[in-house]
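Everything below concerns the one structure shown next.
The values are calculated or read from the model by the stated rules, or taken from the named source; none is laboratory data. Quantities reported herein were computed from a predicted structural model and do not represent experimental measurements. Using ideal geometry, Cβ is built from the backbone for each residue, glycine included, and neighbour counts are taken over all protein chains shown.
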Amino acid sequence: MLRFFKQLITTFIYTLIFAFVFLIYSHFLVLLSIKIKLQNQIELGLLADGIMILSALLAILSFWGCIWFFRRLKRQE
């Protein structure tokens, strides 16, 4: 039981670190996209939008991975 809580807390800390890094990264990409669009460089603006979409998909996949990990932990107990 102690091992379960130790793994749970470790996973929670890793998830918080990833969420914080992703928040900074996505904020930077939004600012970059707005700056590029204000300069009327449509192609680079579309590239920045594509990068933001890919980073959002990465966040969804990591959240799905956390759910899978918690289910795996529950099965082990």
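Do you know which of the residues in the range 11-29 that are aromatic (Phe, Trp, Tyr) and within 11 Å of the chain's Cα centre (by Cα) is nearest to Phe70 (Cα to Cα)? Among them, the one singled out is Phe18.
Could you list, in sequence order, all residues of the range 10-30 that are among the polar types (S, T, N, Q) and surrounded by 13 or more Cβ atoms within 10 Å (Cβ to Cβ)?
Thr11, Thr15, Ser26
Scanning the range 53-77 for residues that are loosely packed, with under 10 Cβ neighbours inside 10 Å, assigned to a helix (DSSP H, G or I) and touching a residue at least 40 places away in the same chain (Cβ under 8 Å) gives a single hit, Gln76. Annotation note: of Leu57, Leu23, the sole residue that is modelled with pLDDT under 75 and out of contact with any helix residue (DSSP H, G or I) (no Cβ under 7 Å at 6 or more places or on another chain) is Leu23.
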